[in-house]
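We did not get these values from a lab; they are worked out from the coordinates using the rules stated. Fair warning: this is a prediction, and the values are worked out from it, not measured in the lab. Please note: Cβ atoms are built from the backbone with ideal geometry, for glycine as well, and neighbour counts cover all protein chains shown.
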Number of protein chains: 2
Amino acid sequence: MVERGVDHVSSTELAVVVGVNPATLRRDLSQLGSYGTRGSGYEVERLLGQVGRALAVDRDWPVVIVGVGNLGRALARSEGFGSGGFRVAVLADVNPAVVGTEVGGVAVEPLERLEAACQREQIAIGVITTPARASQSVAERLIAAGVRSILNFAPVVLSVPSGVVVRQVDLSAELQVLTFYRSRPPGGPPIQKARAKAPKQTRRSP
Amino acid sequence: MVERGVDHVSSTELAVVVGVNPATLRRDLSQLGSYGTRGSGYEVERLLGQVGRALAVDRDWPVVIVGVGNLGRALARSEGFGSGGFRVAVLADVNPAVVGTEVGGVAVEPLERLEAACQREQIAIGVITTPARASQSVAERLIAAGVRSILNFAPVVLSVPSGVVVRQVDLSAELQVLTFYRSRPPGGPPIQKARAKAPKQTRRSP
DNA sequence: AGTTGTGAACTCGTTCACAGCA
DNA sequence: TGCTGTGAACGAGTTCACAACT
């Protein structure tokens with residue numbers, strides 16, 4: 001909207017875009033401290049700044065990507081970095097063939113130097129794009145190096161100490177959500193119960 | 001658990017693994033039609049089958065991946081396919097350099113043949129891994145070709161007709177969730193209100 | 001007139017707690 | 001005895017509806 005030169009927007013317009021109820025949207029934004037103007041709505045640029053601050057996007061967040069395969073490479077070059085202070089500061093991989101090569105202007109470190117590199121660059125966020133079998137051990141090493149936030153693309157539930165936040169991005173889980181919706185149209189019948197049940201007794205006080 | 005030879009599991013054990021309350025887990029599973037045994041818990045293998053059926057993972061789900069860059073390639077070869085009847089049936093790209101090459105045993109089609117290929121393979125799910133600017137048009141073409149479920153990796157909110165389910169996977173959104181948690185420790189203070197407020201007037205009828 | 005911010009009502013998912021069954 | 005399935009209590013988040021303000 002900033003790009004399009006829009007300077008005010010109402011809760012209703014925003015709500016349509018994100019697909020929620022206007023009241024919900026207003027209540028959520030009011031948590032940021034009431035930045036709308038009655039009668040004309042929210043000033044787009046100011047709102048953007050406020051939301052950015054709430055998400056702490058105005059800081060610099062150096063990120064390490066462990067695992068420079070296709071996925072790691074895709075993320076390192078992705079449009080997602082750049083927006084919001086995220087910055088690929090360290091890349092690491094076991095494979096000697098990729099160690100030393102550059103991806104998006106960052107040289108790939110050998111896995112042995114993972115901890116050192118993370119500490120040097122004050123890494124706050126670790127992204128794991130290794131094969132599944134390596135992910136738990138990588139997570140442990142990241143945590144040992146002081147990383148407290150992990151984004152894991154390997155299809156493995158990481159076990160981590162409390163205080164460490166993990167987000168899981170799992171292709172097959174996403175696909176399953178799609179097939180789940182597809183196979184159960186909204187308003188369709190509930191899943192078949194296994195046992196025959198006696199017709200529901202109404203048990204309401206008269 | 002099946003692999004480890006575990007044959008029964010209680011709601012409490014499962015709840016610990018997934019990090020929810022045992023009662024919640026039982027209620028959720030009971031939607032599948034009561035497959036636990038009182039006294040001994042759920043039979044692992046049977047439960048797996050039931051959950052699989054509920055998620056419609058026992059069917060074959062041919063998938064198209066549009067955009068065979070690093071990300072598309074990573075997904076095509078990913079461990080996520082194979083588990084649950086997902087199968088990469090079509091790959092498509094605009095880039096003549098990749099058209100005709102094989103990724104994971106599937107030849108890349110030119111984008112012009114997208115619709116034809118989707119119809120030929122009875123595609124149910126489309127995965128969009130193109131650059132952001134291409135994603136809306138790809139989505140429209142997929143929908144025209146009969147695809148009703150879309151998994152979009154481009155950082156763009158797709159607008160689609162009702163009846164089409166879209167899931168968005170967005171790196172920068174995931175990172176922002178991490179920084180949000182990081183900058184607001186649980187139990188920490190709420191976000192600062194902007195304006196000084198008069199002490200709250202109680203306005204309650206006496 | 002138009003739109004926010006928010007008490008109050010409401011909704012729906014979560015959790016308790018226990019009867020019922022293996 | 002152990003654990004499920006579920007009615008009932010609970011509570012967090014959603015929505016209504018309107019006073020307050022521009």
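List of remarks:
- Over all distinct Cα-Cα pairs of the range A:79-138, the Kirkwood formula returns a hydrodynamic radius of 12.4 Å.
- Taking the centroid of alpha carbons for each part, the range A:60-87 and the range A:117-160 are 14 Å apart.
- Calculated P(r) of the protein assembly as shown - Cα pairs past 38 Å, %: 33
- From phi via Karplus (6.51, -1.76, 1.60), per-residue ³J(HN,Hα) for the range B:78-83 in Hz, x at Gly/Pro: 5, 6, x, 7, x, 5
- Shortest-first distances to equivalent copies, position B:Arg182, nm, label 7 Å out along Cβ: 3.6
- For chain A, diffusion coefficient by Stokes-Einstein and Kirkwood Rh (Cα), 25 °C, 0.890 mPa s, µm²/s: 117
- Sites B:Glu43 and B:Arg87, calculated FRET efficiency, Cβ-Cβ separation with R0 22 Å, nearest 0.05: 0.15
- Around the Cα centre of the protein assembly as shown, unit charges on the Cβ atoms of Lys, Arg, Asp and Glu (plus for the first two, minus for the last two) sum to a dipole of about 2440 debye.
- Counting, for every residue in A:66-73, the Cβ atoms of other protein chains within 10 Å of its Cβ and taking the mean gives 4.
- For A:Val164, the label point sits 7 Å beyond Cα toward Cβ; its separations from the matching points on the remaining copies run 4.1 nm, from shortest to longest.
- Chain B has one residue whose beta-carbon comes closest to the axis relating it to chain A; that residue and its distance in whole Å are B:Asn70, 2.
- When you work out D = kT/(6 pi eta Rh) for the range B:100-190 at 37 °C and 0.692 mPa s, using the Kirkwood radius from C-alpha pairs as Rh and the Stokes-Einstein form, the result is 216 µm²/s.
- Residue exposure proxy: B:Ser159, A:Ser183, B:Ser149, ordered by other Cβ atoms within 10 angstrom of their Cβ from fewest to most, comes out as B:Ser159, A:Ser183, B:Ser149.
- When its C-alpha radius of gyration is set against 2.2 N^0.38 Å (N residues), the range A:1-41 gives a value of 1.14.
- Partner chain coverage, peptide B:75-85 - average Cβ within 10 angstrom: 5
- Around the amide H of B:Val127, modelled in the peptide plane, lie the amide H atoms of B:Val64, B:Ile65, B:Val66, B:Leu151, all under 5 Å away and 5 or more residues distant in sequence or on another chain.
- Translational diffusion of the range B:1-76 was estimated from the Stokes-Einstein equation, with Rh taken as the Kirkwood radius over Cα pairs; at 25 °C and 0.890 mPa s the coefficient is 168 µm²/s.
- Nearest-first distances (nm) between copies at B:Val20, label 7 Å from Cα via Cβ: 2.1
- Shape class for the range B:55-156, computed from the alpha carbon gyration tensor (a ≥ b ≥ c): rounded, with a/c under 1.5.
- Of the residues A:Leu14, A:Met1, A:Ala56, the one whose Cα sits farthest toward the positive end of the charge dipole of chain A, with +1 on the Cβ of Lys and Arg and -1 on the Cβ of Asp and Glu, is A:Leu14.
- Within chain A, no whole DSSP H helix has Cα atoms reaching 30 Å or more along its own axis together with a mean Kyte-Doolittle score of at least -1.0.
- Around the Cα centre of chain B, unit charges on the Cβ atoms of Lys, Arg, Asp and Glu (plus for the first two, minus for the last two) sum to a dipole of about 1640 debye.
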